[in-house]
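Down below is the structure, laid out as structure tokens.
No value in this document is a laboratory result; all are computed from the given coordinates. As the structure is a computational prediction, the values presented were derived from the model and not from experiment. Glycine also receives a Cβ, built like all others from the backbone with ideal geometry; neighbour counts cover every protein chain displayed.
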């Protein structure tokens, strides 16, 4: 028995990766629980594992008192000296070994269940701690089964879930297929650790490059950002901490071997490698590659960039269904509005005409106002005086004139527009009233012609 129990503890400890002290504690707690079911819950029972004997010994604790009020936990001085310790004194707590041979089948079963549960809890805790420390890393597994549209992946010691939303739409798997995924989160639930995987997370792209590019792993090349449209296209921004190392070239590899390895793992997803720079305008230009950029207008307050490209580069800059500009926006963190040169020129022309129509605003002043970000007389009229004063090249006196005249001009323009709108509505209303009258007259004339025709026919007959 001694060797059997010691061997079982040793074996379970190795197989489950559970510390022996946890197993011994589970045994002791299980025996205490079983003993209380047999002898009564009110009794103070302790358990201690004896490795020499290979068994868990049970002891009952009782307090030595002058007069017993609770027999379950107290013993008289006389009885204590007779049965337990001849030198016992009042106030001592004495232990006596319990006979476990009287354990019933139910108690033994309860002890077994307690041990199994404690071992299961300990195993879950170990798995949780192991994978919690691996969040943000890649993991290899085997497709175990499918639950609705979710994929259950076996990771060896436990299963993980690859939800539908974290799957690449074009990818298809069968039971038994090997799969590589990114650990998004690890949470402890009532059913044990829940490990959520992803094949769409930008972090997967970064980790794949870390595996394929030694310079990234060694921190010579640093990844500054990544953006993906899973299954379609991706962009990754890199910078070198060594002036002698080309970050883009390092990621591409000899004859493109490194980037192709990543593309292969992502099932053909196209990857653009962007050289990161602190100059945000230049960074956005690079992020929009392969399109060429003519001009960039930056709105720091709205964190927006207006990008002007040649007419023949517009579709390239936007990409298929807006893919290229979306990825560039996610990568850079800027809201990007792409327009062609002809569109920009037309907007500039309309803006200059609108601003130049304000009394007191000549072509030069209109250009200064336009360069400050105002694209119409209406926009200028909504601005406060302090904003107009900030326009370079316009003095205080001129600013006040522009502030007043722009508001008066726009108010007069809107008044005329309202008058024109009312005039058109009245004309439409008058026309609508005439139509029924004309229709009624036409009906009356038709009825009269019909009567004359019938009278003629009767006369001829």
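Brief remarks on what is shown
- The value for region 135-180 of Rg(Cα) / (2.2 N^0.38 Å) is 1.07.
- Computed from Cα positions, the angle between helix 396-460 and the longest principal axis of the chain comes to roughly 70 degrees.
- The order of 94, 197, going from fewest to most other C-beta atoms within 10 Å of their C-beta, is 94, 197.
- Debye log10 I(q)/I(0) for region 317-418, one point scatterer per Cα, at q = 0.11, 0.15, 0.21, 0.23 Å⁻¹: -0.45, -0.70, -0.98, -1.10
- Residue 93-residue 173 FRET efficiency (beta carbon distance; Förster radius 56 Å; 0.05 resolution): 0.35
- Two-site label geometry, residue 117 and residue 11: point separation in nm, points 7 Å out along Cα→Cβ: 2.5 nm
- From helices alone, the chain scores -15500 deg cm²/dmol at 222 nm; the rule is -39500 (n - 2.57) for each run of n ≥ 4 DSSP H residues, then divide by the residue total.
- The angle between the Cα long axis of helix 105-132 and the longest principal axis of the Cα atoms of the chain comes to about 40 degrees, rounded to the nearest 10.
- What the Cβ-Cβ distance of residue 260 and residue 147 gives, at R0 = 30 Å and to the nearest 0.05, is a FRET efficiency of 0.30.
- Each residue, residue 245 and residue 161, gets one label point 7 Å from its Cα in the Cβ direction; the gap between the two is 4.0 nm.
- When 173, 128 are sorted by how many other C-beta atoms sit within 10 angstrom of their C-beta, beginning with the fewest, the order is 173, 128.
- Distance between region 190-212 and region 151-184 - C-alpha centres, whole angstrom: 10 Å
- 76, 200 arranged by Cβ crowding within 10 Å, fewest neighbours leading: 76, 200
- Förster radius 41 Å - calculated FRET efficiency between residue 79 and residue 25 (Cβ-Cβ, nearest 0.05): 0.80
- The ratio of the alpha-carbon radius of gyration of region 137-280 to the globular-protein estimate 2.2 N^0.38 Å is 1.14.
- Rounded to the nearest 10 degrees, the inclination of helix 323-332 to the longest alpha-carbon principal axis of the chain is 60 degrees.
- Region 372-401 residues near the modelled residue 408 label - backbone nitrogen below 12 Å, point 7 Å along Cα→Cβ: 401
- Size descriptor, Kirkwood hydrodynamic radius, that averages inverse alpha-carbon separations across the chain, Å: 32.1 Å
- Share, in percent, of DSSP beta bridges within the chain that are antiparallel, nearest 5: 75 percent
- The mean of 1/r over all pairs of different alpha-carbon atoms in region 202-342, once inverted, gives a Kirkwood hydrodynamic radius of 15.5 Å.
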